[in-house]
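Report on one structure; see the data block that follows.
The values are calculated or read from the model by the stated rules, or taken from the named source; none is laboratory data. This one's a predicted model, so the numbers in the text were calculated from it and none came from an experiment. We place every Cβ from the backbone using ideal geometry, glycine too, and count neighbours over all the protein chains shown. For the accessible areas, the whole protein counts, side chains as well, though only heavy atoms, and no ligand, DNA or RNA atoms are used. Shrake-Rupley method; radii C 1.70, N 1.55, O 1.52, S 1.80 Å.
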Amino acid sequence: MFLIWGLSLLHTPCASTTTGYQPPGSVKKWWPWWLLLPGCLASWTRYVEEYDSMRVARCDARCGENHPDECMESCLSANYTKPGYCPSSRSMSAFEAACLVACEGDSKCPDLAKCCPHECGITCMHPTGLDERTDLPPVPETIQIRQQTTNLVMLNWQAPPHPSNISVRYLVEERHLLGPRYLESRLSSWSVRHVSTKPHASLRGGLKTGHWYQFRVAAINENGSRGYSRPSRPFKTKEPRNPKEPQSLTLSGARVAAGKLRVNLRWRPPPSDVPIMFYKVFWSRLIHGPNNDSILVYHRTVPKDKMCYELKNLELSCQYFLQVQAVALYGGRRLASRKASKVFNSTDYTKFAEGGRRSRRCERHQGGLHVRRMICQCGEITARLVWPPSVDAKRYNVSWRQESCSTSRGTRNPDFHRKTSSRITEAPHYDIRQLKYDCTYVVNVRNVPHQGKIEEHGTSIEFLATGCHQSRTGEKKQKQPQDKLTQCKSKPSRIRRHYI
């Protein structure tokens with residue numbers, strides 16, 4: 001994928017720069033303009049998703065800087081015969097000699113490769129005889145890297161003189177690696193970074209902090225290319241800084257269950273030079289003792305893809321100090337952010353309650369298991385659980401139990417929530433019916449392999465049943481006669497649905 005910098009800031013046609021080899025004196029005259037140009041990517045980046053980058057660059061050089069779209073489309077759709085010869089069958093690798101038809105012409109092969117038939121099939125192979133061609137530009141040499149400022153890196157390479165005056169495009173590719181040490185085996189694959197008509201390029205921004213980079217360059221004209229230069233020496237950007245502290249700490253979904261308070265703590269990911277690996281959530285409260293006071297601190301680790309954590313078993317009428325910290329890994333070193341903080345007085349928890357709105361729970365997704373929807377029908381709630389199918393499982397064991405309910409529901413049997421129900425299903429989804437409003441349920445899904453023995457461990461989530469409001473349902477039942485209640489069970493048109 002091509003990255004383009006500054007195309008919207010300055011539109012200067014590539015024709016303003018002379019193509020081909022230039023003596024050193026002429027580079028100085030033109031160089032200040034080059035610092036502002038993004039290269040000639042703008043004229044053909046729309047084609048790169050469908051065609052090979054070298055093929056697009058060749059057609060761009062053939063059609064010229066101010067080419068019409070018809071020229072590019074005609075060139076790209078033509079069955080172009082690449083320079084060079086197919087190698088002999090004796091020099092083919094085992095992969096190249098595979099008995100398959102991998103291409104129909106040179107245009108279907110990437111980069112320099114040609115579509116070559118052999119005894120067992122047709123495959124793409126690297127050509128021979130490119131050094132004998134006089135109509136191809138020389139391979140660039142000696143790539144030099146200079147870091148001018150933090151966000152500006154200059155690349156220079158030697159372009160040996162070529163007798164032809166044919167327009168040339170320089171295709172700059174890069175590969176990179178995150179970490180304090182350079183390991184060639186862990187480098188990413190090559191990708192196009194820049195296109196130029198001159199033997200130098202400026203990469204303004206886009207280089208990630210804490211990364212190693214390598215560059216290579218290919219010279220291409222309308223006849224083709226001899227290939228890429230040798231990779232440059234590894235270049236390392238500056239050391240990464242610690243992440244910023246998590247942003248926008250908010251509280252929501254406060255509710256009382258079994259005499260304890262629950263509330264969702266949410267945040268937004270902070271800016272970071274390297275990827276965030278996980279978050280640490282801290283909550284503490286002051287405990288007054290007969291002799292002295294102490295602070296009780298709890299902490300949990302939250303995966304990087306979650307920006308929410310439900311604080312459970314909080315005491316009412318207490319003041320809590322909440323903190324969230326982002327942690328990144330750079331090699332074997334941890335880069336921890338400052339802790340974002342928030343004070344929460346549990347006495348005023350009603351300010352953070354959801355009320356009659358739907359409640360977004362932090363635990364609704366876990367290992368692919370999630371609540372897809374909840375439907376309220378005649379005062380009863382049905383929740384559909386969905387999970388990724390397993391190739392090793394013939395069936396699935398779904399078990400659930402009622403964990404707790406809001407105190408607003410009044411009295412109930414204290415041992416009822418310990419009752420566990422289970423069902424076996426062949427589909428990777430299941431509808432749990434007759435759930436109670438404002439009650440918390442725990443669901444566990446375990447695979448049942450073909451041998452028939454249920455796996456010991458599975459994937460679990462916890463969710464809050466919402467959608468049917470008890471008070472409103474009661475009011476409607478008082479106003480509706482008995483025949484209306486019977487119609488509610490028989491007519492789908494009277495189903496009231498609340499999706500979360």
**OP:** Could you please state how large a percent of the accessible area of region 247-306 is carbon and sulfur, counting protein chains only and using a 1.4 Å probe?
**Re:** 54
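Starting from the residue with the highest accessible area, list 425, 459 in decreasing order, probe 1.4 Å. Each step should come with its number before you reach the end.
Numbers: 425 20, 459 45 Å².
I get 459, 425, largest accessible area first.
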**OP:** Sort 347, 209 by accessible area with a 1.4 Å probe, largest first.
**Re:** 347, 209
Original post:
With the calculation restricted to Cα positions, what are the radius of gyration and Dmax of region 108-231 in angstrom?
Top reply: 16.7, 56
Subject >> Gained length - residue 97 relative to residue 165, 0.36 nm times residue gap less alpha-carbon distance >> reply: 20.6 nm
Subject >> Percent carbon-and-sulfur accessible area, region 107-205, ignoring ligands, DNA and RNA, probe 1.4 Å >> reply: 47
**OP:** With no solvent and one equal point scatterer per Cα, compute the Debye intensity ratio I(q)/I(0) for region 64-139 at 0.16, 0.18, 0.19 Å⁻¹ and report its log10, rounded to two decimals.
**Re:** -0.67, -0.79, -0.85
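Rolling a 1.4 Å sphere over the protein heavy atoms, what is the accessible area per residue of region 141-217, to the nearest Å²?
On the way: 3390 Å² over 77 residues.
With all protein chains present, region 141-217 gives 44 Å² per residue.
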Original post:
So if we plug the beta-carbon distance of residue 141 and residue 339 into 1/(1 + (r/R0)^6) with R0 = 41 Å, what FRET efficiency do we get, rounded to 0.05?
Top reply: 0.20
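How large is the accessible surface per residue of region 231-301, computed with a 1.4 Å probe and reported in Å² as a whole number?
Details: 3800 Å² over 71 residues.
For region 231-301, the solvent-accessible area averages 54 Å² per residue.
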